[in-house]
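Pasting a structure below so you can have a look.
The values are calculated or read from the model by the stated rules, or taken from the named source; none is laboratory data. The model shown is predicted, which means the values in this text are computed figures rather than measured ones. Heads up, the Cβs are rebuilt from the backbone with ideal geometry, glycines too, and the neighbour counts pull from every protein chain shown. Side chains included, ligands, DNA and RNA excluded: accessible areas come from the protein's heavy atoms. Shrake-Rupley method; radii C 1.70, N 1.55, O 1.52, S 1.80 Å.
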Amino acid sequence: MRIVTSVSAMQRLALQWKRRGTPIGFVPTMGYLHEGHLSLVRKARQHVGKRGVVVVSIYVNPAQFAPTEDLANYPRDLPRDKKLCRDAGVDVLFVPGDKQMYSGTGVSPVSLHPSTYVVEENLSRGMEGESRPAHFRGVTTIVAKLFHLVQPDVAVFGAKDFQQAAVVKRLVRDLNFPVKIVVAPTVRETDGLALSSRNKYLSAAEREQAMVLWQSIQLARQAVRASREAIPASRLKSELKWLIETRPAARVDYIEFLDPETLLPVARVKRGTHLALAVFVGKTRLIDNGRL
Ligand code: AMP
């Protein structure tokens, strides 16, 4: 496995692969890898085959964190990530530093925020976009930069970040990136908690209570399946909020029932409606989602 830290070296490699017609699979991450990330790596490999190359990037992108968020404390373990990638058959691990990603902005010392952004203006409005203003413009900008550098034929994202995947698909469509976006299923612990680098922040008691996100999705599924008629979203929301907040460490940030294509909220919930939720468990903000 080759480790690339410079933007120019990554560009040169991608150009070589392109000239030779080597298929490029790409998995962008913020590191502190877990089985969820590795499932995306396997998916990328399936798409590009043995002849292709799989690139994983690790970059904790400052532009998608608000000043009040956990950028400085975001978990990092590069030696472990390297080993996991090597064992998973990754060809290139791209680990650019901030200077590499954000130099050339003309601001000295290096500004961690570019002066050119790529902004998706529709799907990024609600939910994560509302709770974390400027988050998605950070995501779309870094994804656009990474796509330029890696030039993937296929890029794999996780369904765990459902809204992010939808926004990225829209970015690719609107800006004609020649890349196929594949969305891979959420990998969960045996009790249903979605794997996330942020789970590391949870105390033992919080970890136990964090199960409530998955329990909420299950409860909503059961309700929809048991009901002959569509259920008013406001009623189901109150029920889920009540369930979640019986856990002493849990506080709802949002619960949304939405159309899976437009991501717009629906007034009545039925089979096929999507549920997305964000819950603080202690100080840790967890998200999850599922189709009902
Ligand atoms: P992150 O490192 O958290 O930015 O995530 C990098 C990629 O991994 C994103 O496409 C996430 O959606 C995906 N991902 C994170 N957690 C999971 C999971 N539990 N299952 C599947 N994909 C995941």
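On the protein heavy atoms, probe 1.4 angstrom, tell me the percent of accessible surface of region 197-286 carried by carbon and sulfur.
52 percent
Relative contact order, percent, of region 2-184 when contacts are C-alpha pairs under 8 Å separated by at least 6 residues?
With pairs under 8 Å counted, the relative contact order is 29 percent.
When you count, for each residue, the other Cβ atoms within 10 Å and take the mean per peptide, how do 73-79, 147-153, 220-226 rank with the highest first?
Packing order, densest peptide first, comes out as 147-153, 220-226, 73-79.
Quick check for me: using +1 on Lys/Arg Cβ and -1 on Asp/Glu Cβ, what's the dipole size of region 219-273 about its Cα centre, in debye to the nearest 20?
The dipole magnitude comes to about 260 debye.
Using only DSSP helix segments of four residues or longer, with each worth -39500 (n - 2.57), what per-residue ellipticity at 222 nm results for the chain after dividing by its residue count and rounding to 500?
Using -39500 (n - 2.57) per qualifying helix, the result is -11500 deg cm²/dmol.
With the cut-off at 29 Å, tell me which of the pairs 43/99; 43/145; 145/283; 82/200; 160/180 have Cα atoms farther apart than that.
The pairs that break the limit, which is 29 Å between Cα atoms, are 43/99; 145/283.
Would you please put 1-7, 41-47 in order of how densely packed they are, using the mean number of other Cβ atoms within 10 angstrom per residue and starting with the highest?
My ranking of the peptides, most packed first, is 41-47, 1-7.
Here's something else I'd like to know. Averaged per residue, what accessible area in Å² does region 237-292 show with a 1.4 Å probe, protein chains only?
Ligands and nucleic acids excluded, the figure is 50 Å² per residue.
R0 = 25 Å: FRET efficiency of residue 72 with residue 205, Cβ-based, nearest 0.05?
In this case the efficiency is close to 0.50.
List every residue whose amide H lies under 5 Å from the amide H of residue 180, counting only residues 5 or more places away in sequence or on a different chain, with H placed 1.01 Å from N in the peptide plane.
When sequence neighbours closer than 5 places are left aside, the close amide H contacts are 154, 155.
Could you please put 234, 216 in sequence from largest to smallest accessible area, using a 1.4 Å probe?
Order by accessible area, largest first: 234, 216.
Tell me the carbon and sulfur percent of the accessible area for region 1-156, rounded to whole percent, probe radius 1.4 Å.
50 percent
Going by alpha carbons, how many degrees (0 to 90, nearest 10) lie between the helix axis of 35-48 and the longest principal axis of the chain?
Approximately 60 degrees, to the nearest 10.
Ignoring ligands, DNA and RNA, what accessible area per residue does region 75-159 give at 1.4 Å, in Å²?
47 Å²
Hey, how many Å between the Cα centroid of region 77-94 and the Cα centroid of region 245-292?
33 Å
Using DSSP, restrict attention to beta bridges with both residues in region 1-117 and report what percent are antiparallel, rounded to the nearest 5.
Looking only at bridges with both residues in region 1-117, the antiparallel portion is about 0 percent.
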